[in-house]
Structures are given as C-alpha cells and as structure tokens.
Amino acid sequence: MNKNLKEVALLFFKLGSIAFGGPAAHIAMMEDEVVKKRNWMTQQHFLDLVGATNLIPGPNSTEMTMHCGHERAGWKGLVVAGACFVFPAVAITMVFAWLYQQYGQLPAVEPFIYGIKPAVIAIILAAVYSLGKKAIKNPTLGLLAVLTLVACLCGVSEIIALFVCGFGGLILYLTSNSQQSLKSFAPVLVLQMALTPSTLNILWTFFKVGALLYGSGYVLFAFLDAELVATGLLSKQQLIDAVAIGQFTPGPVLSTATFIGWQLGGFWGALAATVGIFLPSFLFVALLNPLVPKMRNSKMFSAFLDAVNVAAVAVIVSVCIGMGQETIIDWRTIVIAAVSLIFVFIFKKMNSAYIVIGGALLGYLLSLL
C-alpha cells in the first residue's frame, strides 16, 4: 500500500470510528481534516464535491469520503476511503444486531428499548425541521411537499410518491423554461453474486433502496417501511429499534441496514444488506466524479432534485406520524418524547447518540415507577 493510500485508510477509519452526529457533522469533520489540516484540496473544490453529493442518490457523508479518497489516491483511494469509513459502524452494528436478536425481548433490555423509541422520533423530527428549512425554497415546493405528505398518509408507496414529486418538479421547470433542451444520462449497474434465494432477495432489496436514496439518510427508514414493513417481512417496532441502533453507532446512519439484514437472515443477511445499501454509492461516485463541474451547472437536474428533497421531507414526516401512533402510547413515552424534543431543539450541538442514550436511561427509570 503506497503512502497516500495508507493515509486515506487511516484517516477515514478514524473518522468512521468517532464520527457521531449525522452527515452534516461528518462533512464538517472531513473539511477540517482534508482541507485545513492536510490541504488535499481547496475550500472551493471541497464545496463543489459537497454539492455533487446532493445530485446523486446515496448517503452524502459516505459519498464525500469517496470523493476525498479519489482526490488523494485515485480510484483505489475512493474504494479504500468508503470501505474504511463504513467498516466501524458495520462491525459495531453487527454486534448490536446479534445482542438484539438474542436478548431484545427480555425484560432486562426491553425497558431501555422502550425509552429509545420516543427519543428517536424526536431526533428524526429535528432532522425534518432542518431539512425542511433548506428544501422548501419557494411556495411551489411547499405545495409539492404537502401533496406528497397527503399521498403517503393515504397509502401511496413512499418511493413512488418521492419520484412522482421529483418528476412533477421537473415538469414545472420545463414548462416555465421551454427553451431548455433535455440532456440525461442513465448509468447501467450490473451485479452478479452466488447467493441463496433469501439472501439474494435481501441484497436486491437494499441495493434497490441504495440506488434510489435521495436526500437524507433518514429517508432510508421510509423506504424500508414500504419495502419490508408493509410486506410483513419486518415489524414496525423492529424498524424503530433499527433506527435507534443506527443512532448508537458512529459513521453512516445507513449501517442500520446491517442491523435489519441480520434480523432477516443472520450474518449473511447482514452482509448482503450492507453490500446492497452501499454498493450504489461507490458506483455512482466513480461514474460521476469526473462530471462534477457539468452537473453543478445543470439547472434542470437541480429542479428535479429540489422537488425530490421536499418530497423526502414529506415522506419522513409521514413515517414519523406512523411511528408516533405506535410508540407514544402512555404518559411515560410522552415524557420521554417531550424531554428529547427539548434537548434536540435547544441543545442543537448535542450529539444525537446522547439523546438516544438519555432516552434509554429515562425509559428504564420510568419503568421502575
């Protein structure tokens, strides 16, 4: 391993081990490391790459690690940076997944999980508030968000609602800018692995979600609600618990897929879910990294993504409503949710992992009353 590649591996393994707080926090830490401390690229180029991650599906912070690795050590750096950033979260999540499968229903553990659920809802609501402020740039986008929320609450598939809204935004842009011509590209992804039918199904489910995941990592939960909960493969409570486990671990929140994969198919299910959810990001970044300058100037693509972003916020809200109906069921969960909301909105710099831990402890203490 050459010097640059080793430097990439060590840096992103370190970040993957300590980077709590979500994509915005991860990217801030990366900027400090690769721009200010190591001078791998200029501030402007770093900002261009951040913009590029919003133009393609996948987890923004994980894709930023790949872009940074590519800048330092080429395509090998891209692969090594992404893998090293994801590995700590995946390894920790596998341990949690096994413990949950073995002991999650025991009375000694259930009080903690009981308190985690309302705390997670508070964290997601804080993300909705932050995303909504950025996504709803004008009244038209606000209307699209409301229509998407109504559609989801009426039972329309979240994934369908997301893309219908995106194309709706694109149509509105084209009708108001009819002189613009349509330019598009469609990368073709091919994946062949020798797996059992059940594991292959897990791989395909998470690959599909990873390839369509625009917006925040929190949208993952809405997609999985449509793909797994609605089809009876996963319970709503298991999905909520998976969200909580994702908050406990450092690195990308998409490591939640590892936890869910374990519940569906043990170790090999966890591995298949992990490969499936992250593989599209590696492929998209490798394909689109050279096109960053052109994509940055594409007004039409930006119009599509603006609409997708507001739809993503609406989808998250609809899932939060469903989670709340099943989780906020007595005075104890109301207290935990209220306290968690106070902390996430007043102490905005507090690590979300502390909110989850606090919810777990509060749930345990209140269960003693």
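Which pairs break 23 Å Cα to Cα here: 133/299; 133/208; 36/349; 208/349; 14/208? From the list (133/299; 133/208; 36/349; 208/349; 14/208), the Cα-Cα distance tops 23 Å for 133/208; 208/349; 14/208.
Averaging 1/r over every pair of different alpha carbons in region 217-279 and inverting the result gives a Kirkwood radius of 11.4 Å. Taking all protein chains together, 154, 165, 84 sort by accessible area into 154, 84, 165, largest first [probe 1.4 Å]. Multiplying the residue separation of residue 134 and residue 160 by 0.36 nm and subtracting their alpha-carbon distance yields 7.1 nm. Judged by the mean number of other Cβ atoms found within 10 Å, the most tightly packed of the peptides 140-152, 326-338, 267-279 leads the ranking 267-279, 140-152, 326-338.
Straight-line reach from residue 3: taking Cα to Cα under 16 Å and skipping same-chain neighbours fewer than 8 places apart, the lysines in range are 76.
Applying 1/(1 + (r/R0)^6) with r as the Cβ-Cβ distance of residue 14 and residue 342 and R0 = 30 angstrom yields a FRET efficiency of 0.35.
Packing here is the average count of other Cβ atoms within 10 Å per residue, and on that basis the peptides 115-125, 93-103, highest first, run 115-125, 93-103. Provide the FRET efficiency to the nearest 0.05 for the residue 334-residue 174 pair, computing r from the beta carbons and using R0 = 51 Å. For R0 = 51 Å, the calculated efficiency reads 0.60.
On full extension, the segment bounded by residue 150 and residue 200 gains 14.6 nm, given 0.36 nm per residue less the C-alpha separation. The slack between residue 267 and residue 37, meaning 0.36 nm per residue of separation minus the straight C-alpha distance, is 79.0 nm.
The values are calculated or read from the model by the stated rules, or taken from the named source; none is laboratory data. The model shown is predicted, which means the values in this text are computed figures rather than measured ones. Glycine gets a Cβ as well: all are built from the backbone with ideal geometry, and neighbour counts include every protein chain shown. Ligands, DNA and RNA are excluded from the accessible area calculation, which covers all protein heavy atoms including side chains. Shrake-Rupley method; radii C 1.70, N 1.55, O 1.52, S 1.80 Å.
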